[in-house]
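Report on one structure; see the data block that follows.
Rule-based calculations on the coordinates, nothing more; no lab input. Here the structure is a predicted model, which is why all the values come from computation and not from measurement. Ideal geometry is used to build each Cβ from the backbone, glycine not excepted, and the neighbour counts take in all protein chains shown.
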Amino acid sequence: MYLFDQSKEKENLNKYFLEHDRLLTSFGSTVNQTFEAYVFANCIKWYKENGWSIQIINPKKGKYKNKFQLKFNTRGAPAHYSYAICKKNEKIVQIHHGLRVDTRYYNIENEYHANICLDVAIIKETYVDDLETDMAIPNEMLICFGEAKHMSAFAELIASFIGMVHELLPERLENNENTDESDIYPFLYVSGKLNPTAKGLRETIEKRNMCIRIYSFDDPMI
């Protein structure tokens, strides 16, 4: 069952980004796209609520110059889309939408590129304006990531997400009871609910103390 209210969240997103000269179409014309925008905004809110200052950076060139625009396609150079800079004490991170990132096991000597276009990518401070559409951020720059799916969750979806974590941030699957709970974890966010088998997988994830999170309509991020 899909419980995400697109109309309501478009209104909420507009209010949230009001000061950044955005357009309603920046949040996507389909429910899937609006849900991705909702998850992107919630990730920014998570940092804000944990004491980080937030700055939105809009494109400096292209048809979206000086306007808030998210990236609802695997194609497109990062310089043409908006992202957030989060600062706290001496730490600086960037939050991007639709950013391509190398897998942990990719090697430049490989015949083919091994990278994944992530719905939400939290990376170390870096310069992305020179990246072309097929170029990826090195894996060592990746801090965390999130996937947004407009659907209810089943066990196979969660298992697929665990596979993504293994390819990108395998250390997050380790049993690490000493991890700071204030850290943001790799997350899968579904707009609907978890079916019984999905709840079962989430339960085993929690028992193994994996540093990942599953969010849903019933268990939101914020």
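Results, tabulated for the structure shown:
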quantity: Signed unit charges on C-beta, dipole axis of the chain, positive-most listed residue ASN110, ILE222, GLY146; calculated: ILE222
quantity: Theoretical gain in end-to-end length, ASN32 to ALA114 [0.36 nm per residue, Cα-Cα removed]; calculated: 27.0 nm
quantity: The stretch 6-215 - convex hull of alpha carbons, volume per residue in Å³; calculated: 130 Å³
quantity: Calculated diffusion of the stretch 115-222, Stokes-Einstein form, Kirkwood radius summed over Cα pairs, 4 °C and 1.567 mPa s, µm²/s; calculated: 88 µm²/s
quantity: Rounded to the nearest 20 debye, dipole of the stretch 63-200 from Cβ charges on Lys, Arg, Asp, Glu; calculated: 860 debye
quantity: Kyte-Doolittle mean at least -0.5, axial Cα span of 18 Å or more - DSSP H helices of the chain; calculated: 31-49, 155-168
quantity: Entries in LYS88/LYS124; LYS48/LYS91; LYS45/LYS65; LYS8/LYS65 that, when Cα-Cα distance is taken, lie over 19 Å; calculated: LYS45/LYS65; LYS8/LYS65
quantity: Helix-only CD estimate at 222 nm, as mean residue ellipticity for the chain, using -39500 (n - 2.57) per DSSP H run (n ≥ 4); calculated: -8000 deg cm²/dmol
quantity: Among TYR38, ALA159, VAL190 the positive-end extreme of the charge dipole of the stretch 6-215 (Cβ point charges); calculated: TYR38
quantity: Whole-number percent relative contact order across the chain, with pairs defined as alpha carbons under 8 Å at least 6 apart; calculated: 18 percent
